[in-house]
1. Highest mean first, what order results for 13-21, 230-238 on Cβ atoms within 10 Å?
2. Pairs of alpha-carbon atoms within less than 8 angstrom and 6+ residues apart define the contacts here; what relative contact order does the chain have, in percent?
3. Over the stretch 128-257, what per residue volume does the convex hull of the Cα atoms give, in whole Å³?
4. Considering Cα pairs under 8 angstrom that are at least six residues apart, work out the relative contact order of the stretch 447-563 and quote it in whole percent.
5. Report, largest value first, the span of the C-alpha coordinates of the stretch 386-506 along each principal axis, in whole Å.
6. Of the listed values (i) 31.2, 106; (ii) 24.9, 76; (iii) 34.2, 121, identify the label whose number matches Rg and Dmax of the Cα atoms in Å calculated from this model.
7. Compactness ratio of the stretch 447-563: Cα Rg over 2.2 N^0.38 Å, N = residue count?
8. Can you give the Rg/Rh ratio of the stretch 253-347, where Rg is from the C-alpha atoms and Rh is the Kirkwood radius?
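We did not get these values from a lab; they are worked out from the coordinates using the rules stated. What you see is a predicted model, and the numbers here were worked out from it, not measured in a lab. Reconstructed Cβ throughout: ideal geometry from the backbone, glycine too, with neighbour counts over all protein chains shown.
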């Protein structure tokens, strides 16, 4: 059987060397990002949204090739929309909201992810990483005034100092050095920057191995996550199946104990297993292999993501098991958290301590992801006889007992709430809010109508988030409270980006103020809001603080305290 190629052609990019003086680039840069994958591109786009330029260094000459990340979560889509790249994700990606698990030949679970009328975006879309990178790259190229992408450029050494760093770079056109104030290392699981600084990931590496096979198969089967435990096609193992765009299917199957990894990935050994799986699934169409590789689960993280002027994100900072799709999604969350904080520091609007909160929040998030990922890994690929016995018991009971079925499903990725963030504003009246996102949580989505200049359009709450601090003010008539107009002017004088957004329960055509109307009648209740309530939101869409009747000074103090943490 002949191998096909992915139905995607990546444009190749040549290396370029900037103006040099004795082998050193003449221009010093504010931010240099190492690694042009999804995380590095997201950091560059996030910085650009705040007007901060960056240099992005990528060792390859194109977007990636092969089978890597494929599932993008709703939270990641929200972030990507703010980065100006979501259209391609939604146009090409295959949305899904649940999946099915089978034990031998019996379906034991049909799960659905949270999805209701409040949502703008699907819970998950399947999209190959080469598409993910291409759509982010397209957006970055539209921001070429602020994003300088350098292909075929590899870091060979780093000299990190209290005031910045010097990178030694290798290209086909010649080697040179680059001086920069900040380095963001997004250079993957084998991070050259991490190694150069002598840093090590800590945690657990699992012995269980999975063969990953991408095939081309035309099928009208719906898009959902399929998991097969102890299937007839591969007895004693676990098989995962995901449908992707362009008739590409991702198949992951566990190797049994004692199987030789080198032999297992040979086509003559892979093809019969894939055919047996497709026969079991009832897929009779012609198919062709595209890609074969092997994967071993890791649950690892750095202790800190900030080391002086060097910041780590994505796989360079942590390696998360694939079960629960937390890899690329946690990296995109890293980028979203880091970009606004680094931008505020670079622009002189915040102390460097704000970047310590990046590490605090995202290390916390990594441990949350690793905790859930570890549970999922121990079920999907039992590391010992005891775990295997427990899994067999759960699967057997699940056939007849619905209550144990939730143990089968690896919890899918979700937005992390930074409950202990040093940025959070303490609630003045604990218990005053019965509902609504707490400080540190991401905004809960809800439709609303935006009224601007007398024109109304239906939108969503997350559409109001911009690269600034946002105060959502709930009122009856959209009028701005006393002192809030002066607050906005004072913050603008400090060059702090801020906007006040009135939200009303009713449409008020007689008011001259632009406001946002809760036309579904759900938003006020969801947020536990009453006239006078304010939610202060960070540039990354997480709640900084909330009050039922704050003074303008309360908002100013919360912003200044966060920026001078």
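1. 230-238, 13-21
2. This gives 15 percent for the chain.
3. With only Cα atoms used, the stretch 128-257 gives 194 Å³ per residue.
4. 31 percent
5. Reported extents, whole Å, longest axis first: 66, 36, 28.
6. Of the listed options (i) 31.2, 106; (ii) 24.9, 76; (iii) 34.2, 121, (ii) comes from this structure.
7. The value comes to 1.00.
8. Across the stretch 253-347, the Cα-based Rg/Rh ratio is 1.17.
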